[in-house]
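Student: Pasting a structure below so you can have a look.
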Amino acid sequence: GKMIGSDPAIFQAIGYCYHHLGDLKSAVGAYSEAITLDPSFVEALVGRGNTYMDYLTVEGNSRSKADYQQSLRLSPGYLPARVNLALLLQAEGSFQQAWNELTAALETNKVYAPALEARAIVSLQMGNHFGALLDINMALKKSPSAELYTNRGVIHQFMGDVVNAMRDYQQASSVDPHYPLAHFNAGNILFQQRQFRQAITSYSCALERTADDSMLVNRGIAHTMVEETEAALEDFSKAIMENPYAAHAYFNRGNLYRSLGDYSSAEQDYKKPDDWLTVYYCGEALGKQQKTEQATKHFVRAAQI
């Protein structure tokens with residue numbers, strides 16, 4: 001048989017493993033080796049394209065696009081390449097081009113779920129809610145999943161249909177009780193309906209599987225609404241540990257300290273993020289601590305931002 005040194009499939013498999021381990025540089029190296037050995041190896045081209053995309057840089061994106069386009073020149077019917085190219089175009093804000101690529105993919109296979117799901121999201125971004133709903137319904141018929149039910153819930157919410165959105169989030173949770181986004185989105189609806197205790201329960205279900213600063217902040221605000229101050233402080237502080245740049249966490253914790261009359265802690269939190277509202281409140285907290293001159297400076301700065 002072939003020696004390892006000359007079998008492109010082995011390098012493609014190595015590239016795949018490196019990519020999943022998060023070692024992008026080694027993944028690109030292995031995929032490139034596979035492509036050198038077999039320049040028409042579309043899976044390796046798409047694998048390398050996916051790796052470049054994960055660099056999250058302009059340079060990475062353009063290399064990624066080149067790989068997807070090359071694999072489509074070699075094999076126009078290779079759907080993963082077309083869908084990934086569309087996702088890249090979508091990320092760049094080229095929604096119409098993305099929609100065109102996905103529509104081309106669906107002409108090859110009209111029930112290809114990844115293309116249906118992606119086109120639903122692009123349609124939503126383009127303001128075509130009905131088209132989005134049609135695509136997601138078709139995808140759900142083909143392969144129901146918690147993620148698809150959750151995405152359909154989001155589309156319903158965009159269309160102002162909270163009842164069906166909630167039904168979809170519940171359906172998602174029954175398909176996969178541990179899918180965090182379904183619980184989080186359901187929690188947000190309950191929060192908007194001022195059902196704070198139920199919202200806290202939903203956020204807690206979401207947080208069993210993932211530590212996300214937005215989820216923690218929302219749960220913290222819900223705790224605040226039912227006057228569970230300790231729990232709220234704990235959530236805001238956890239959110240800041242998760243993401244030290246979480247402006248909304250500092251802001252909400254600052255508000256809570258301010259309502260408790262702890263103005264020096266409030267001032268510390270308001271100092272962190274630098275948007276005008278925060279600067280304004282920092283001035284207010286300073287004023288409460290009789291640092292009038294400094295406070296005036298803060299208000300003037302807020303007016304200038």
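Student: For the stretch 103-230, which whole percent of the accessible surface, found with a 1.4 angstrom probe, sits on carbon and sulfur atoms?
Tutor: Numbers: 3230 of 6240 Å².
Here it works out to 52 percent.
Student: Set the bar at 26 Å for Cα to Cα. Now go through Lys25/Lys110; Lys238/Lys271; Lys25/Lys238 and name every pair that lies beyond it. Don't skip to the end; give the middle numbers.
Tutor: Values: Lys25/Lys110 36 Å; Lys238/Lys271 18 Å; Lys25/Lys238 33 Å.
With Cα atoms farther than 26 Å apart: Lys25/Lys110; Lys25/Lys238.
Student: Please name which of Gly49, Thr229, Ala66 has its Cα lying farthest along the dipole of the chain towards the positive end, using unit charges on Cβ (Lys, Arg +1; Asp, Glu -1) and the Cα centre as origin.
Tutor: So the residue furthest toward the plus end is Ala66.
Student: I've got another one for you. First measure r as the distance between the Cβ atoms of His20 and Glu230, then evaluate 1/(1 + (r/R0)^6) with R0 = 45 Å and state the FRET efficiency to the nearest 0.05. Don't jump to the answer; show the numbers that get you there.
Tutor: Values: r = 40 Å, r/R0 = 0.90.
Efficiency computed from Cβ-Cβ geometry: 0.65.
Student: For the stretch 1-97, state which chymotrypsin sites (Phe, Trp or Tyr not before Pro) are in a DSSP loop and have at most 14 other beta carbons lying within 10 Å of their beta carbon. Numbers along the way, then the final one.
Tutor: Working: sites: Phe11, Tyr16, Tyr18, Tyr31, Phe41, Tyr52, Tyr55, Tyr68, Tyr78, Phe95; in loops: Phe41, Tyr55, Tyr78.
Passing sites in the stretch 1-97 do not exist.
Student: Now for a different question. Accessible area, 1.4 Å probe, largest first: how do Glu208, Glu147 sort? Kindly include the intermediate steps, with their values, before the conclusion.
Tutor: Numbers: Glu208 135, Glu147 85 Å².
Most to least solvent-accessible, the answer reads Glu208, Glu147.
Student: Right, another one. Rolling a 1.4 Å sphere over the protein heavy atoms, what is the accessible area per residue of the chain, to the nearest Å²?
Tutor: On the way: 15770 Å² over 305 residues.
Here the per-residue accessible area is 52 Å².
Student: Largest first and in whole Å, give the semi-axes of the stretch 110-268's equivalent ellipsoid, each being the square root of 5 times a Cα gyration tensor eigenvalue. All intermediate terms of the calculation are to be shown ahead of the outcome.
Tutor: On the way: eigenvalues 239, 44, 37 Å².
So the three semi-axes of the stretch 110-268 are 35, 15, 14 Å.
Student: Mind giving me the nanometre distance, one decimal, between the label points for Glu208 and Glu92, set 7 Å out from Cα along Cα→Cβ?
Tutor: 4.3
Student: Using alpha-carbon pairs under 8 Å, 6+ residues apart, how would you state the relative contact order of the stretch 163-258 in percent? Intermediate values should be presented prior to the final figure.
Tutor: Details: 121 pairs, mean separation 19.1, N = 96.
Worked out over the stretch 163-258, it gives 20 percent.
Student: Oh, and also: Efficiency by 1/(1 + (r/R0)^6): what FRET value for Ala9 and Ser75, r their Cβ-Cβ distance, R0 = 22 Å, to the nearest 0.05? Can you show the working numbers first?
Tutor: Details: r = 16 Å, r/R0 = 0.74.
Plugging the Cβ-Cβ distance into 1/(1 + (r/R0)^6) gives 0.85.
Student: A further question on this structure: Would you mind computing the Rg to Rh ratio of the stretch 1-146 from its alpha-carbon coordinates, Kirkwood style for Rh? Numbers along the way, then the final one.
Tutor: On the way: Rg = 16.3 Å, Rh = 15.9 Å.
Looking at the stretch 1-146, the ratio lands at 1.02.
Student: What does the C-alpha gyration tensor say about the overall shape of the stretch 48-126? Classify as rounded when a/c is under 1.5, otherwise prolate if a/b is larger than b/c, or oblate. Intermediate values should be presented prior to the final figure.
Tutor: Working: a/c = 2.10, a/b = 1.23, b/c = 1.70.
Oblate is the answer for the stretch 48-126, as a/c is 1.5 or above yet b/c matches or exceeds a/b.
Student: For the chain, set up a Gaussian network in which alpha carbons nearer than 10 Å are linked by springs, and say which option among His178, His223, His20 fluctuates the most.
Tutor: His20
Student: Among the trypsin sites (Lys or Arg not before Pro) in the stretch 138-219, which ones are in a DSSP loop with at most 14 other Cβ atoms within 10 Å of the Cβ? Mind listing them?
Tutor: Details: sites: Lys141, Lys142, Arg152, Arg167, Arg194, Arg197, Arg209, Arg219; in loops: Arg194.
Here the sparse-neighbourhood loop sites are Arg194.
Student: Which of the chymotrypsin sites (Phe, Trp or Tyr not before Pro) across the stretch 188-267 are loop residues per DSSP, with 13 or fewer other Cβ within 10 Å?
Tutor: Numbers: sites: Phe191, Phe196, Tyr203, Phe236, Tyr245, Tyr250, Phe251, Tyr257, Tyr263; in loops: Tyr245.
Sites meeting the loop and neighbour criteria: Tyr245.
Student: Need one number: the % of Cα-Cα pairs in the chain sitting beyond the 31 Å mark. Mind showing how you got there, number by number?
Tutor: On the way: 23059 of 46360 pairs.
Pairs farther apart than 31 Å: 50 percent.
Student: Most fluctuating residue of Glu117, Glu267, Glu227 in a GNM of the chain with Cα springs under 10 Å: which is it?
Tutor: Highest fluctuation among the options: Glu227.
The values are calculated or read from the model by the stated rules, or taken from the named source; none is laboratory data. Fair warning: this is a prediction, and the values are worked out from it, not measured in the lab. Cβ sites come from the backbone with ideal geometry, for glycine too, and all protein chains shown count toward neighbours. Areas reflect the complete protein model, heavy atoms only, side chains present, ligands, DNA and RNA absent. Shrake-Rupley method; radii C 1.70, N 1.55, O 1.52, S 1.80 Å.
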